[in-house]
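> Handing you a structure now.
The values are calculated or read from the model by the stated rules, or taken from the named source; none is laboratory data. Values in this document were obtained by computation on a predicted structure and should not be read as measured data. In this analysis, Cβ positions are derived from the backbone assuming ideal geometry, glycine residues included, and neighbour counts consider all displayed protein chains. These accessible areas exclude ligands, DNA and RNA; they are computed on the full protein's heavy atoms, side chains included. Shrake-Rupley method; radii C 1.70, N 1.55, O 1.52, S 1.80 Å.
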Amino acid sequence: MSVFARRARAAAGRMHPELSLVSYTLLGHLEESDGCRATDLAAHCALDKSTVSRQVSALERAGLVARRPDADDQRVQALHLTEAGRRILAQVTHRRRAAFRERLAHWPAQDLERFADYLVRYNTSPGPEPEDRDAYPDRTDSR
């Protein structure tokens, strides 16, 4: 898992020099959710609020994220992708998918099916309970 995480961080840097793996993940959720509050973003990604705050600030400075009043509660600011954010996210997503296709191109179909099944199983397994998150220090890692 450490090698996988290290490769993912390195690949994120190659895909777009200003976009860390955490930033890419945050942008992806903002696109999927059509915007949300920073606290909801932190909860969804199981990240510390301060980590999300630093990442969001950097994304705002880069013009990839903007704050707007929440539709349900005008007192709350919701985060949304800007057009530039959507463009960069689409570019990085396209490059990541191409890299995965290239890396897996020579795998036999049976191995690909098994790998896909394992990924589904892994991704649908419940994560650690909130009190257990201290046992996973990388969860708040902002690299």
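> Residue under question is LEU89, and the condition is that it be in contact (Cβ under 8 Å) with a residue 24 or more places away in the chain and over 14 Å from the mean Cα position of the chain (by Cα); does it hold?
Against the criterion (in contact (Cβ under 8 Å) with a residue 24 or more places away in the chain and over 14 Å from the mean Cα position of the chain (by Cα)), LEU89 does not qualify.
> Sort out which residues of region 99-129 are of a type in the set (Ser, Thr, Tyr) and assigned to a helix (DSSP H, G or I), and write them in order of number.
TYR118, TYR122, THR124
> Exactly one condition in (1) in contact with a helix residue (DSSP H, G or I) (Cβ under 8 Å, 6 or more places away or on another chain); (2) open to solvent by 70 Å² or more (accessible area, probe 1.4 Å); (3) at pLDDT below 75 is not met by GLU31; state its number.
The number of the failed condition is (3).
> State all residues of region 39-50 that are open to solvent by 40 Å² or more (accessible area, probe 1.4 Å) and not in a helix (DSSP H, G or I); if no residue qualifies, say none.
Going residue by residue through region 39-50, those that are open to solvent by 40 Å² or more (accessible area, probe 1.4 Å) are 39-40, 43-44, 48-50.
Matches in region 39-50: ASP48 only.
> Quick check on region 51-63. Is at least one of its residues under 22 Å from THR93 (Cβ atoms), at pLDDT 90 or above, among the acidic types (Asp, Glu) and surrounded by fewer than 16 Cβ atoms within 10 Å (Cβ to Cβ)?
Checking region 51-63: at least one residue is under 22 Å from THR93 (Cβ atoms), at pLDDT 90 or above, among the acidic types (Asp, Glu) and surrounded by fewer than 16 Cβ atoms within 10 Å (Cβ to Cβ).
> I would also like to ask the following. Tell me whether region 71-87 contains one or more residues that are open to solvent by 40 Å² or more (accessible area, probe 1.4 Å), in contact with a His (Cβ under 8 Å, 6 or more places away or on another chain) and either over 23 Å from GLU31 (Cβ atoms) or not in a strand (DSSP E or B) (or both).
Within region 71-87, not a single residue is open to solvent by 40 Å² or more (accessible area, probe 1.4 Å), in contact with a His (Cβ under 8 Å, 6 or more places away or on another chain) and either over 23 Å from GLU31 (Cβ atoms) or not in a strand (DSSP E or B) (or both).
> Please state which of the following conditions TYR118 fails to meet, knowing it meets all the rest: (1) more than 20 Å from THR25 (Cα to Cα); (2) touching a residue at least 40 places away in the same chain (Cβ under 8 Å).
(2)
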